[in-house]
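Step one of this worksheet: look at the structure below.
The values are calculated or read from the model by the stated rules, or taken from the named source; none is laboratory data. All values reported here derive from a predicted model rather than from experimental measurement. All Cβ positions, glycine included, derive from the backbone under ideal geometry; neighbour counts span all protein chains shown.
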Amino acid sequence: MLGLDCAAPALVFERLRPHMPCVSSLMSRGLWGTLRSSTPPITMPAWACMVSGRDPGELGIYGFRNRIPGTRALRMATADDVRVPRVWDVLGAAGRRSSVLYVPPTWPPRPISGELVGCMLTPSPEAPHTHPPELAAELSRFGPHTPDVVRVGADPGALVEALIEASSQHFDVAEHLLTTRKPDFAMMVEMGTDRLHHAMWPALDPSDPRHDPRSPLVRDARDVYAHIDARIGRLLERLGPDTTVMVVSDHGARPLRGGMYVNEWLRQHGWLVLRTEPRAPCALEHADVDWGRTRAWAEGGYHARITLNVKGLFPDGCIEPASLEAETLALAEALAAADDGTSRPLGSRVVRPRDAYRALEGTPPDLLFFPGDLDFRALGEVGTGTVFVGPDEAGASRGNDGCNHDWEGLFVLAGPDVPKGGSRRGAGLHDVGVTALRLSGVPVPDGWLGQDLRELGA
């Protein structure tokens, strides 16, 4: 299973397909289609959902960061937050060996039946990042552990070079482990596609108003995908024709139309109150918030997580627990009806976790808000003097970010037990884990979401 984080169907299946002969060949001899992501379509919950058969609420992972109970502070989600078996754990219990490489979240590393190399969360190359621990020394021949390249806003040429160098290391490690350990199951996630999109999306997408077909970045961005495709082909040559291959992404990408300062919107509509106006735009944690009069606040990102200020749950909470349901519904209705400042409806999506998930673990927000249904990024600062900004300012909040996430990722599946059936529709993230287990001849545990991708209709 080869994961390409953030890979969009329109890129792989259409625009870049001529430059990806290996993936195109897999499509021609197997099954392929879009893959509905998790809610929210964010790296950390999405990959965990894909390989665990659980939804974000059951995992208690609602984004990259989770709220610390009893506080308004957030902390990064890690492998320690995944408390259910994943595909490789189920296979290990059945006596199978796995090689798991760079799959979020797999840091800190846990013992598995086989080998594991930690993901993008690894704090430094020196931090323990493998199972077994001594594997790190063996892999040092490929250079310092570099699971991720975070250079959003960096010089595009330098970024492309760094992405190609890092992905080469990842495929070198994969080739080494798959040929020397010969696992029954292997999974690797390449984060470089995600980093490429966030830095250079206008170069990849002609529908983006900022796209310039004459820019050399168009070629550079294409070359990253061509390089990854070539490395996939080289890896498969070493594994032989009897290997079943799945290429998947956790979510897609789309042009960024702009940004919405959600906490400023909450201020305008009386849900959030500041004692004093900030001298300059700042994060809510640095603002002078009147919590005794604030009923709700938001954390920004590709979507907004909105929490109501309930008495007994938070210091200076002002909403009576008996009123929480009514307040939540009222805010959800107001957000769904929000316009873009010019009386044009945003067409936003508002989700209550209690309605979307089978269970609620950890510290869920009260609402998930997707401005413009992912057309706009949710921005968390206050003191901006405005609610809506254009794509350049919205992207600047993360260092010149060029895209937002999208609901649809992709899958390609080919192998001896896979029919040559062309495109399939209706696939979802959880189908990937179920398919991997069934292809391995191992029973799917009770309670897992998903179905076998081979059973989907054309």
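Points to keep in mind about this one:
- Test: residue in segment 47-68 that is surrounded by fewer than 19 Cβ atoms within 10 Å (Cβ to Cβ), more than 30 Å from residue 308 (Cα to Cα) and over 15 Å from the mean Cα position of the chain (by Cα): no
- Pick from segment 142-180, criterion charged (D, E, K, R) and modelled with pLDDT under 95, ranking: farthest from residue 235 (Cα to Cα): 155
- Residue list for segment 317-373, restricted to those being closer than 19 Å to residue 268 by Cβ and small (Gly, Ala, Ser): 330, 332, 334, 336, 337, 338, 341, 343, 348, 372
- Summed over segment 376-390, the residues that are surrounded by 20 or more Cβ atoms within 10 Å (Cβ to Cβ) and either free of Cβ contacts under 8 Å to residues at least 40 places away in the same chain or under 23 Å from residue 252 (Cβ atoms) (or both) give a count of 4.
- Counting only residues that are surrounded by fewer than 22 Cβ atoms within 10 Å (Cβ to Cβ), of a type outside the set (A, V, I, L, M) and part of a loop (DSSP other than H, G, I, E, B), segment 301-321 holds 6 of them.
- Flag for residue 347 being outside the structural domain of residue 211 (by TED's automatic domain parsing), closer than 22 Å to residue 56 by Cα, assigned to a loop (DSSP other than H, G, I, E, B) and touching a Gly at 6+ places or on another chain (Cβ under 9 Å): no
- Each residue in segment 91-148 was checked for being small (Gly, Ala, Ser), closer than 20 Å to residue 190 by Cα, surrounded by fewer than 20 Cβ atoms within 10 Å (Cβ to Cβ) and in contact with a helix residue (DSSP H, G or I) (Cβ under 9 Å, 6 or more places away or on another chain), and 1 pass.
- Residue within segment 445-458 that is closer than 30 Å to residue 206 by Cα, at pLDDT below 95 and either touching a helix residue (DSSP H, G or I) at 6+ places or on another chain (Cβ under 9 Å) or among the small types (Gly, Ala, Ser) (or both) present: yes
- Residue within segment 287-303 that is touching a His at 6+ places or on another chain (Cβ under 7 Å), touching a residue at least 24 places away in the same chain (Cβ under 8 Å) and assigned by TED's automatic domain parsing to the domain that holds residue 382 present: yes
- Subset of segment 59-88 (residues that are among the basic types (Lys, Arg) and over 30 Å from residue 435 (Cα atoms)): 67, 72, 75
- Residue 407 falls short on exactly one of the conditions (1) among the hydrophobic types (A, V, I, L, M, F, W, C); (2) crowded, with 17+ Cβ neighbours inside 10 Å; (3) over 30 Å from residue 265 (Cβ atoms), and that condition is (3).
- Filter result for residue 389 (among the β-branched types (Val, Ile, Thr) and farther than 25 Å from residue 6 by Cβ): no
- Residues in segment 185-220 that are of a type in the set (Ser, Thr, Tyr) and more than 22 Å from residue 51 (Cβ to Cβ) were compared, and the one that is surrounded by the most Cβ atoms within 10 Å (Cβ to Cβ) is 215.
- Taking segment 186-202 as the range and being over 15 Å from residue 10 (Cα atoms) and within 13 Å of the chain's Cα centre (by Cα) as the test, the residues that pass are 189, 190, 191, 192, 195, 198.
- Checking each residue in segment 365-408 for being modelled with pLDDT under 95 and farther than 30 Å from residue 156 by Cβ picks out only 385.
- When each of 272, 239 is tested for being touching a helix residue (DSSP H, G or I) at 6+ places or on another chain (Cβ under 7 Å) and assigned by TED's automatic domain parsing to the domain that holds residue 34, the lone residue that passes is 239.
- Any chance residue 402 is in contact with an Asp or Glu (Cβ under 9 Å, 6 or more places away or on another chain) and crowded, with 20+ Cβ neighbours inside 10 Å: yes
- The residues of segment 128-146 include none that are small (Gly, Ala, Ser), farther than 20 Å from residue 165 by Cβ and within 27 Å of the chain's Cα centre (by Cα).
- Sole residue being within 29 Å of residue 255 (Cα to Cα) and in the same structural domain as residue 189 (by TED's automatic domain parsing), chosen from 69, 56, 85: 56
- From the list 324, 331, the lone residue that is farther than 15 Å from residue 369 by Cβ, in contact with a strand residue (DSSP E or B) (Cβ under 8 Å, 6 or more places away or on another chain) and either modelled with pLDDT of 95 or more or in a helix (DSSP H, G or I) (or both) is 324.
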